[in-house]
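The values are calculated or read from the model by the stated rules, or taken from the named source; none is laboratory data. Keep in mind the model is a prediction, meaning the values are calculated, not measured. Counting neighbours? That spans all protein chains shown, and the Cβs are built from the backbone with ideal geometry, glycine included. Heavy atoms of the whole protein, side chains included, go into the accessibility calculation; ligands, DNA and RNA do not. Shrake-Rupley method; radii C 1.70, N 1.55, O 1.52, S 1.80 Å.
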Amino acid sequence: MSDTYAEAKKFAEEFVAPYSKEIDKKAEFPKESFEKMGERGYFKLLLPEAVGGLGKTLLDHAEVCRAFAEGNASTALCYMMHNVALMCVMSYGSDQMKETVVKDVVEKKRFLALAYSEFGTGTHFYKSEIKVRSSDNRVTFNGVKSMVTSAENASYYLVIAPSINVKDGVDNWLFPLGTPGLTFQMELWDGLGMRGNISCPMKIDDVTLDESWRIGAEGTGLEQVLTAVAPPFVLGLAAIYAGVCQNLLDIATRHAKQRVYPDGQALCNIETVQIHLANIYARAQASKLFALEAARAAVAGEADALAKIIASRVFASESVIECGRLAMRVGGGKAYNKHTEIERLLRDAYAGQIMAPSVDVLLVWLGKALTDQPIP
Ligand SMILES: Cc1cc2nc3c(=O)[nH]c(=O)nc-3n(C[C@H](O)[C@H](O)[C@H](O)COP(=O)(O)OP(=O)(O)OC[C@H]3O[C@@H](n4cnc5c(N)ncnc54)[C@H](O)[C@@H]3O)c2cc1C
């Protein structure tokens, strides 16, 4: 067990898991957990030590996401998106942008979010239809982003938008919270699971920014997505749903030992239940080990790292639904009637396959990568 995982696991037990029921019921952002994360330095995990960060790697990113998800999947996802958006800024942002954002993250404990998806382009999140026009080095945006996790709570939003001067190009921009014309439609969030994400639409009405808020040269957005955004995001999802598998295993095992029939037999004495638990264990272990191996390959810069990252996310996303199905079978009517957390975790599990790029899209990408064809 790595030190990073052990510390994050302890943190999650104290400051993430206790809010799970409430944020799910009220569909509220995990504010208390995020305040504590800021205090404990988790927002600067991936920032270099030279700028006041912890100088950690993608492997630590995966470990923290996994440990947080064992406490609560929503909280882990909001956190994961912060790391991803910050990595894009640190990889491609101007010195001035990096200085501003780093100062806010390190000193003011602020965090970031991703605003990519749109109602039209959906799961093909690297495409954008929002309207962009420029005049006097100022750029004006109009449109809607469909689902923005951590809405209203994050201080910056990584937004993908069409390039003005590069045909078919896209650009990443950083929208600061509070920019005139930027509003959130919180009342439109009513997710099946991951309810603490508050992933509501973000309205962009004549939002006007200085060009310095664009990340990198015009037209380089897709390259940024493929190198700085997709790898930590897809890996983060693999780690998060591996964490949910583990949580399902823990809950189902506990329940199987504690639920005793009048004749003194416990659920765990029944062979069919033992087989269900064994299958959940196998999937949870395989999801974890695959995510960590993909992270290791990415840190080592190995050629097949991206293929491993994609495959590990596909595996974890599908495994978590199977683990939830089997856990519900172990939990029976008690689990169905919300006497255990299995019902919430099963709802959370269904988001894993949907988040862009969806598992279906990723399988197509993986098939292309394996046969030396360009993606996306
Ligand atoms: C809990 C949660 C949180 C989210 N948070 C954010 C966020 O913070 N920021 C953000 O930008 N977005 C976020 N999203 C949005 C998400 O990433 C997707 O972009 C969005 O759910 C796509 O929705 P859609 O209904 O338009 O999908 P559609 O584009 O209609 O796709 C529906 C399904 O069709 C299939 N499909 C479509 N095209 C293809 C293809 N070419 N090949 C194979 N299969 C295909 C896929 O399986 C896909 O799941 C979030 C989503 C969820 C569920």
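Assorted remarks:
- Residue with peak Gaussian network fluctuation, the chain [Cα springs, cutoff 10 Å], from S91, S319, S287: S91
- The residues of the range 253-376 present an accessible area of 51 Å² per residue when probed at 1.4 Å with all protein chains retained.
- For the range 15-20, the Karplus equation 6.51 cos²θ - 1.76 cosθ + 1.60, evaluated at θ = phi - 60°, returns couplings of 10, 10, 4, x, 9, 4 Hz by residue, with Gly and Pro reported as x.
- Within the accessible area of the range 1-69, the carbon and sulfur atoms contribute 48%, probe 1.4 Å, all protein chains present.
- Estimated FRET transfer efficiency (N142, E218; beta-carbon r; R0 22 Å; 0.05): 0.75
- Stretched out straight at 0.36 nm per residue, the stretch from A286 to A6 would grow longer than its current Cα-Cα span by 98.9 nm.
- Rounded if a/c under 1.5, otherwise prolate or oblate - the range 18-171, Cα gyration tensor axes: oblate
- Stretchable slack from L177 to R40, in nm (0.36 nm times residue separation minus alpha-carbon distance): 47.0 nm
- Near A266, the amide H atoms lying under 5 Å from its own belong to Y261; only residues 5 or more places off or on other chains count, and H is placed 1.01 Å from N.
- The GluC sites (Glu not before Pro) of the range 27-119 that DSSP puts in a loop, and whose beta carbon has at most 16 other beta carbons within 10 Å, are E28.
- Here the accessible area of the range 176-295 is 54 percent carbon and sulfur, with a 1.4 angstrom probe and all protein chains present.
- Heavy-atom accessible area per residue - the range 3-111, 1.4 Å, Å²: 42 Å²
- Within the range 259-349, trypsin sites (Lys or Arg not before Pro) in DSSP loop having at most 15 other beta-carbon neighbours inside 10 Å: K338
- Here is the list for the range 73-144: chymotrypsin sites (Phe, Trp or Tyr not before Pro) lying in DSSP coil, each with at most 16 other C-beta atoms within 10 angstrom of its C-beta, are F119.
- Hydrodynamic analysis of the chain uses the Kirkwood radius over alpha carbon pairs. Inserted into Stokes-Einstein at 20 °C and 1.002 mPa s, it gives a translational diffusion coefficient of 102 µm²/s.
- A dipole drawn for the chain from +1 and -1 charges on Cβ atoms has a positive end, and of V102, L292, L306 the residue lying farthest that way is L292.
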